Amino acid sequence: MKFNDREEIISLTPLWRGERFADGRPKVAASYLEALRNMTLEEVWKPIYVKGYENQFEGDLYTLHDDGRKLVGRAVTCSFCPARPDLHMAAFEQGAKEHRKGNYNQWVIDSLEEGDVVVADLYDKVYKGTFLGGNLTTAIAAKTKNGGGVIWGGIRDVEQMREAASVQVYYRGIDPTPIREVVMTGFNTVTRIGKAVCLPGDIVFGAGGGVLFIPSHLVAEVVEGAAKTHIKDIFGFEMISKNLFTTAQIDKNVWTEDMLDKLIRFIGEDERGLPYRSLDWSAEYYAALHGDSSDTQTAL
């Protein structure tokens with residue numbers, strides 16, 4: 001048993017080709033995190049869903065702050081199971097070898113860096129499963145600046161937690177009891193949050209009533225794909241309102257060459273298109289020319 005093991009993290013994320021943290025987690029550039037803050041859940045979800053990543057979203061969670069703020073950051077994961085004395089002893093002995101202090105949740109919080117988000121699977125334990133309280137949420141705010149947590153379990157000291165105004169936390173329930181009778185079985189390894197799977201270094205995107213875990217190697221593609229969806233929506237609403245295109249045309253997966261030409265012209269001439277003028281639409285033109293122009297499947 002090892003916790004936060006660099007070699008294991010690298011082996012779990014072989015498709016990542018960029019910079020890594022000292023612990024081995026993929027270090028997705030901060031510029032992508034900032035870009036994601038301006039995107040919607042549906043815009044971000046689509047590019048990974050169409051690639052087969054269908055188990056990345058969980059919506060059955062509460063939020064610490066109900067003001068619509070997003071949670072965006074790099075995942076630091078951990079998983080727990082019910083207490084068993086010999087397993088707990090082995091885990092704490094390993095923690096001592098790794099010079100870890102305090103309880104399991106403190107080990108995780110102590111490892112955080114700016115832009116991180118804790119992703120903790122407490123197997124939906126709320127009573128004595130409160131991963132975060134006032135002190136640790138304050139520590140998260142100090143270490144991550146604007147990160148937070150996704151807890152498949154409980155939290156406590158909610159009034160104190162809300163004083164850490166820069167963070168957002170998703171959780172399953174509230175209970176005044178401290179965390180007890182659990183053993184951490186994994187730290188920066190594969191972690192399940194409800195119906196979703198999260199790996200260390202995934203980008204946590206909390207918005208629109210749930211949390212999406214974006215594989216690190218797909219983030220750049222997601223940001224570009226989401227940007228395309230965004231400007232197509234702006235253009236599409238404009239065309240529908242002017243009766244230039246029907247909703248059936250706009251909602252098709254593959255747009256015609258004529259529609260793409262009008263979209264490119266719109267991007268170049270309308271000030272709303274300014275942030276999107278560097279996007280490459282060659283793949284869309286290829287689909288328009290070589291795909292099935294009679295395709296009636298609606299866009300996701």
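So here's what we get for this one:
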| quantity | calculated |
| --- | --- |
| Selection status of Val118, of a type in the set (Val, Ile, Thr) and out of contact with any helix residue (DSSP H, G or I) (no Cβ under 7 Å at 6 or more places or on another chain) | no |
| The lone exception for Cys78 - which of (1) closer than 30 Å to Val126 by Cα; (2) surrounded by fewer than 21 Cβ atoms within 10 Å (Cβ to Cβ) it fails | (2) |
| Of all residues making up segment 43-82, the number that are under 16 Å from Tyr171 (Cα atoms) and of a type in the set (Lys, Arg) | 2 |
| In segment 114-161, the residues that are buried (at least 21 other Cβ atoms within 10 Å of the Cβ), aliphatic (A, V, I, L, M) and over 15 Å from the mean Cα position of the chain (by Cα) | Leu122, Leu132, Leu136, Ile140, Ile155, Met161 |
| Tally of residues being part of a strand (DSSP E or B) and not small (Gly, Ala, Ser) across segment 118-156 | 17 |
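Bear in mind that the values in this text are calculations on the coordinates, not laboratory data. These figures come from a predicted structure and were not determined experimentally. Reconstructed Cβ throughout: ideal geometry from the backbone, glycine too, with neighbour counts over all protein chains shown.
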